[in-house]
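Note sheet for the following structure.
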Amino acid sequence: MDLLTTSVTTPTAGSETFTLVELSGEADVTNSEMLREVLEAEVAKEPRTMVIDLSGLRFMDSSALHVVLRANRAMDRQGGVLALASPREPVAKMLRLTAADQLIPVYSSVSEATAG
Amino acid sequence: MTGATQGGRAAEAARLATEAADCTRCPLHERATQVLFGEGRLDARLFLIGEQPGDQEDKQGHPFVGPAGHVLDRALAEAGVDRDHVYLTNAVKHFKWQARGKRRIHQRPNGSEIRACRHWLEAELALVRPRLVVLLGAVAGESVFGSRYRVGEHRGEPRDAAAGDWEGQVLGTIHPSSILRGPDEKARSDAYAGLVADLRAASAAVGSLPRSGWCAGGWVCTCNAWVVRGTMAGNRSPGCARWSRGVWSVQKATCRLGRAALVQASRRCGVADRPATAGRFRHLAFFYATPGGYATEIAEFLRAGLAAGEAGFVAVPPDGMALVKDALGADAAHVEFADMTELGRNPGRIIVRVSDFTSKHHGRPVRYVGEPVWASRGPAELREACLHESLINLAFADTSAQILCPYDTSALSADVVADATRTHPLLLSDGRLRTSPEYAVPFRIPANCSLPLPPPPPDAMPYTYRTDLSEVRTLVYKHARDAGLAAARANDLVLAVSEVAANTLRHTQSTGTLTIWYDDDEIVCEVHDEGVIADPLVGRRRPSPDADGGHGLWLVHQVCDLVELRSGDKGTTIRMHMTIEGGDEDALTSPGALSYDCRANPPRGRLVW
């Protein structure tokens, strides 16, 4: 089984459709290139809102973080918003220690991320 | 966690950019590719305003990436300002151009276009709230002061200004593109020197800006002839401030870099080469033998600073803190205190804490009392505390910090006291201040904290890895839990080891080895590979959150109780220690060095990351 699996859907919240990327497994330097391709493909579709659901992620390293930060910059540039949802504690701690949570909003659930 | 506070400025910036994307306040939106907002730190103290995006900026979607941007990058580096720590934007957010053949030729925006765009500039200023705004050229000046502004006005001098809800200071200078238009080499070089001088004045006005790197050749630099080899992750302009992004080293050879980077390197190295007694930076070892002498001297040192309007910070063990507070009386309220046994448990975390304190006081001179060395520390901790004391000289050499480090001569061994004379340019004992004859000039890390580490226990088996990082994490987690580490701290160790092992993959072509051992008190994970890390301050300074690298060893230092790093011709060894605390639950196995061969017998422990 792959170390990291990704799934992309476009559910609606209220009246608006958003891109939901669900990650599960472990995101590290060995699969960050794959993650980059997945995120870049979604960013290229210019969604207004993209949420990355981290609830299935057991581990995330700084390589994966850089990919997410890059996607965040791209979303910023095209006027979209990237949000992270439901990281487990080890991942949440990494986001805090790198201050990435100051650049990208982190929510406790996907529904919270898309509310308002 | 809620998004409103977490996302804060980033979310607000994203909202602004979304709104601006549809801007039709002036006709420029009809022909430009995109609205180009500013970029940089949303909490930057320095905010630079240019004119408008150029052809390259318009295509690439980033400010200052064209020819003028390259000039600005060089000038910023030469002025000692890290581009990652400033916010860069333009007075006008759309590219105004005229077709000439296939080329798009820049046209100066007119007054109404500048006024129309001021709305967005004010929003950016209100968001970032900088202390100082640098106006690059006439259009930037016009956007803040109106059409009467002239570039020569108050050039290089900060003055008070306001725009919308923002109040602060502005400083005028030329636009970097005007240098490129200079009629001859002499004119261009004079104009460039003027820009660098103005940027230096701007940097001085906001205090010393945090920097993300240090020239690795700091202790051997004698001339400008340097070459940089190795990886520069991010692959951006070669300024000294950016060299920390990855593994790199500097050696004496023919110059292959732009001149700005060379000047920068030699300037910083020059600072490190001084004995650090002549300038404002002072680093004193204070030898004391009685609690009374300790408290009196420290209180006097801090009071002298308070009287001069300087900020005071004391990080010492709790007993000492109580003594100092007593001696200071009411003055203690004006000094910040921290328990060094927590803050400096891993000495690799102290420098950033002192830098944070310095940054918080916006360039006010700082007095810092730091006692990272005490008698009950173990040998590895003492080695690392000694290394930290040595690195203080590099980290703060070009600041005006005054640092006093108490050493208890009644309890510390003679070796430890001798180390202090090697790591401190100045010594204070019995009320007498003198230059330390043992302090090495040019700066060198003392041998006893840079010698190879003592070998692991003989029965600890190395595990060889390359891309099987998940296996590495499984191993570390299992053994950390077996050793008695609580789940959260086991996960911390997993993150640290995984980051170091990922560096093997990123920076070397070969395998790395992981060795784990533990006893009643601690678990140690050692990673060795063929990579070379030349930056002695690696992981000890806060990387910009948006940086494309530099987070790995920062995380290692943040989560581990002690980190030992040795790097040289034979590769890099990083030893990560976690203390097993009384409170850590469910120790499962008897202590002892651990032997395993994971490939033959993979661990089956349940993972609860």
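The values are calculated or read from the model by the stated rules, or taken from the named source; none is laboratory data. Everything numeric in this text was worked out from a predicted model, so none of it was measured. Glycine also receives a Cβ, built like all others from the backbone with ideal geometry; neighbour counts cover every protein chain displayed.
Whenever a residue of the range B:460-476 is farther than 14 Å from B:THR504 by Cβ and in contact (Cβ under 8 Å) with a residue 24 or more places away in the chain, its partners that are aromatic (Phe, Trp, Tyr) and surrounded by 20 or more Cβ atoms within 10 Å (Cβ to Cβ), lying with C-beta atoms within less than 6 angstrom and at least six residues away or across chains, give the pairs B:ALA460/B:TRP517.
Any residue at all in the range B:30-37 that is touching a strand residue (DSSP E or B) at 6+ places or on another chain (Cβ under 9 Å), surrounded by fewer than 18 Cβ atoms within 10 Å (Cβ to Cβ) and either touching a residue at least 12 places away in the same chain (Cβ under 8 Å) or more than 22 Å from B:GLY172 (Cα to Cα) (or both)? Checked against the condition, which is being touching a strand residue (DSSP E or B) at 6+ places or on another chain (Cβ under 9 Å), surrounded by fewer than 18 Cβ atoms within 10 Å (Cβ to Cβ) and either touching a residue at least 12 places away in the same chain (Cβ under 8 Å) or more than 22 Å from B:GLY172 (Cα to Cα) (or both), the range B:30-37 yields at least one hit.
Of the residues making up the range A:93-104, those that are within 7 Å of another protein chain (Cβ to nearest Cβ) and hydrophobic (A, V, I, L, M, F, W, C) are A:MET94, A:LEU97, A:ALA99, A:ALA100, A:LEU103, A:ILE104. Summed over the range A:1-15, residues that are within 27 Å of A:SER63 (Cβ to Cβ) and not β-branched (Val, Ile, Thr) total 5.
Can you confirm whether B:ILE516 is modelled with pLDDT of 95 or more and either more than 14 Å from every other protein chain (Cβ to nearest Cβ) or surrounded by fewer than 18 Cβ atoms within 10 Å (Cβ to Cβ) (or both)? Step through it out loud before you land on a result.
Numbers: modelled with pLDDT of 95 or more: yes; either more than 14 Å from every other protein chain (Cβ to nearest Cβ) or surrounded by fewer than 18 Cβ atoms within 10 Å (Cβ to Cβ) (or both): yes.
Against the criterion (modelled with pLDDT of 95 or more and either more than 14 Å from every other protein chain (Cβ to nearest Cβ) or surrounded by fewer than 18 Cβ atoms within 10 Å (Cβ to Cβ) (or both)), B:ILE516 qualifies.
Restricted to the range B:419-509, the set of strands (runs of 3 or more DSSP E) holding at least 2 residues that are buried (at least 17 other Cβ atoms within 10 Å of the Cβ) comprises B:426-429, B:463-465.
Is it the case, given these coordinates, that B:GLN56 is among the polar types (S, T, N, Q) and at pLDDT 85 or above? No: the conditions fail for B:GLN56. For beta carbons closer than 9 Å, sequence separation of 6+ or different chains, a first residue in the range B:1-17 that is within 16 Å of B:GLY40 (Cα to Cα) and within 7 Å of chain A (Cβ to nearest Cβ) and a second that is modelled with pLDDT under 75 and surrounded by fewer than 18 Cβ atoms within 10 Å (Cβ to Cβ), the qualifying pairs are B:ALA11/B:ALA4.
Report yes if some residue within the range B:573-594 is basic (Lys, Arg), buried (at least 16 other Cβ atoms within 10 Å of the Cβ) and modelled with pLDDT of 95 or more; otherwise report no.
Step one: of the range B:573-594, the residues basic (Lys, Arg) are B:575.
If we keep only those that are buried (at least 16 other Cβ atoms within 10 Å of the Cβ) too, we end up with B:575.
Those left that are additionally modelled with pLDDT of 95 or more: B:575.
Within the range B:573-594, one or more residues are basic (Lys, Arg), buried (at least 16 other Cβ atoms within 10 Å of the Cβ) and modelled with pLDDT of 95 or more.
Looking at the range B:408-421, can you tell me whether even one residue there is among the hydroxyl-bearing types (Ser, Thr, Tyr) and within 28 Å of the chain's Cα centre (by Cα)? Among the residues of the range B:408-421, at least one is among the hydroxyl-bearing types (Ser, Thr, Tyr) and within 28 Å of the chain's Cα centre (by Cα), which makes the answer yes.
Among the residues of the range A:74-87, write down those that are at the interface with another protein chain (Cβ under 7 Å from one of its Cβ atoms) and within 13 Å of the chain's Cα centre (by Cα). I'd like the intermediate steps shown before the answer.
At the first step, the residues of the range A:74-87 found to be at the interface with another protein chain (Cβ under 7 Å from one of its Cβ atoms) are A:76-77, A:79, A:81, A:83.
Passing the criteria: A:VAL81, A:ALA83.
Residues considered: A:SER86, A:SER24, A:SER63. Of these, the only one that is in contact with a strand residue (DSSP E or B) (Cβ under 6 Å, 6 or more places away or on another chain) and buried (at least 19 other Cβ atoms within 10 Å of the Cβ) is A:SER86.
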